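The values are calculated or read from the model by the stated rules, or taken from the named source; none is laboratory data. Since the structure is predicted, the reported quantities are computational estimates derived from the model, not experimental observations. Here Cβ is always computed from backbone atoms with ideal geometry, including for glycine, and neighbour counts include all displayed protein chains. For the accessible areas, the whole protein counts, side chains as well, though only heavy atoms, and no ligand, DNA or RNA atoms are used. Shrake-Rupley method; radii C 1.70, N 1.55, O 1.52, S 1.80 Å.
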Amino acid sequence: MNLTFEQGLPILKNTPTALNALAEELEPGIINQNEGDDTWSFYDVVGHLIHCEETDWLPRLEIILENKTSKKFDPFDRNGFVEKSKGLSFEDLLIRFQSRRAHNLDKLRKIQLTATAKQKEGIHPEFVAVTASQLLCAWVVHDLNHLSQVSRVLAHQWKTSVGPWQAYMPILGDRT
């Protein structure tokens, strides 16, 4: 099945709500816990999502749609959120993400992409040519990837607490 970006728009719209629902009433220790070295906490994931809203999805779409010769994307710093998030509470991050996402979706609606525009290409630093449609679909799947990651990070914290049920809970398996 080849889904369209428009079919994924509800996911982009609802991701902030889903994150808020998962975070509701959780203790800071749970929100700030990761899965070990070189892994992210719930806090980190939200910081990363904000960074993507500011520097990835729409900025790259704008590069594709501009009438310029160079359609090359700047490399994306996955950890660019770390400095930007310092000193912010988790609640601040959730509010900022919700605001940035709403702003970006509103901006996207105003662009009114045509079928021709969706096939325009940009140059990704790793993948080379990518279409606007692929970029937008990747935005949807990126959200799903991080919703899954947040669920896994949260579940991981109860790994030893579930006892023998661990055998029936793949989410508690090793990260590979």
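Taking loop as defined by DSSP and a crowding limit of 15 other beta carbons within 10 Å, which chymotrypsin sites (Phe, Trp or Tyr not before Pro) in segment 77-176 fit?
Sparse-neighbourhood loop chymotrypsin sites (Phe, Trp or Tyr not before Pro): Phe127, Trp158.
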Within the chain, what's the longest run with no GluC sites (Glu not before Pro) in a DSSP loop and at most 11 other beta-carbon atoms within 10 Å? Give the range, please. 26-125
Sort Arg60, Arg100, Arg78 by accessible area with a 1.4 Å probe, largest first. Arg78, Arg100, Arg60
With the cut-off at 25 Å, tell me which of the pairs Lys72/Lys107; Lys84/Lys110; Lys86/Lys110; Lys71/Lys118; Lys13/Lys68; Lys84/Lys120 have Cα atoms farther apart than that. Lys84/Lys110; Lys86/Lys110; Lys13/Lys68; Lys84/Lys120
Using Cα centres only, tell me the gap between segment 103-157 and segment 1-69 in whole Å. 10
Taking segment 52-125, the whole-percent share of alpha-carbon pairs separated by over 16 angstrom is 59
Helix-derived [θ] at 222 nm for the chain: sum -39500 (n - 2.57) over DSSP H runs of at least 4, divide by residue count, nearest 500? -18500 deg cm²/dmol
Leaving out ligands, DNA and RNA, what percent of the accessible area of the chain is carbon and sulfur, probe 1.4 Å? 53
What relative contact order, as a whole-number percentage, does the chain give when Cα pairs under 8 Å and 6 or more residues apart are counted? 31
